[in-house]
1. Among the listed residues Ile61, Ile108, identify the single one that is of a type in the set (Val, Ile, Thr), farther than 24 Å from Ser22 by Cα and out of contact with any Gly (no Cβ under 6 Å at 6 or more places or on another chain).
2. Condition test on Phe70, is it out of contact with any Asp or Glu (no Cβ under 7 Å at 6 or more places or on another chain), within 16 Å of Met141 (Cβ to Cβ) and aromatic (Phe, Trp, Tyr)?
3. What are the residue pairs meeting all of these: first residue in segment 150-161, first residue closer than 8 Å to Ser93 by Cα, second residue not hydrophobic (A, V, I, L, M, F, W, C) and not in a strand (DSSP E or B), Cβ atoms under 6 Å, and 6 or more apart or on different chains?
4. Go through the residues of segment 94-105 one by one and say whether even a single one is among the polar types (S, T, N, Q), at pLDDT below 95, assigned to a strand (DSSP E or B) and more than 17 Å from Lys40 (Cα to Cα).
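The values are calculated or read from the model by the stated rules, or taken from the named source; none is laboratory data. Computed from a predicted structure; not experimentally measured. So basically every Cβ, Gly included, is an ideal-geometry build from the backbone, and we count neighbours across all protein chains shown.
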Amino acid sequence: MKINHRTEVVAPPVVIINRELSIEFKNHITFIKGSLESTKLVVEKILFDTDVNPIEEMLSIPQKQMSSKFLKTGEEKLLSTRNGAKMSVMNVSLIEPSCQVDQIKLKIWTMNKNNGKTSSSYVLVKYCNNVTKRNGLKKRMKLQLWAFQKGENLCFALVKV
């Protein structure tokens, strides 16, 4: 991670090694009745402190680093609405690197920058600490996040690279 002259954190470039989901994860998606045809790589990223910090309890998906769009129009609209003072969330299934399936939540997180602009990230929240502990996730590890559909439901697969 570098800090530029304006003290903004600049993410290191990520070179995507493999754009093919492993047979193990494909088999697991099929086993839980997910659609292999809908599978797409969302992001390949190196984990930051905030991704593994128990206080934060989230995994960020920076929109600028995304390989492809993964939300349907209705899902985007839902996540961009508010539920009172809070942004709306979606319940999603996650296949962990250990192949355990867990229920977590997806939401949009908008951050104000020093230059007056904002940036948005999708974040996986709720139970992320359990996922981090069970799978030995650490700062600087490289992961891929894949999206797929199970019926009308959005699901993810988190893969260690």
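1. When all the criteria are applied, what remains is Ile108.
2. no
3. Close Cβ pairs satisfying both conditions: Cys155/Gly34.
4. Yes: one or more hits.
Quick grid of which residues meet (1) under 16 Å from the mean Cα position of the chain (by Cα); (2) of a type outside the set (A, V, I, L, M); (3) surrounded by 17 or more Cβ atoms within 10 Å (Cβ to Cβ):
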{"site": "Thr73", "(1), (2), (3)": "no, yes, no"}
{"site": "Val92", "(1), (2), (3)": "yes, no, yes"}
{"site": "Ser98", "(1), (2), (3)": "no, yes, no"}
{"site": "Lys107", "(1), (2), (3)": "yes, yes, yes"}
{"site": "Asn115", "(1), (2), (3)": "no, yes, no"}
{"site": "Phe148", "(1), (2), (3)": "yes, yes, yes"}
{"site": "Phe156", "(1), (2), (3)": "yes, yes, yes"}
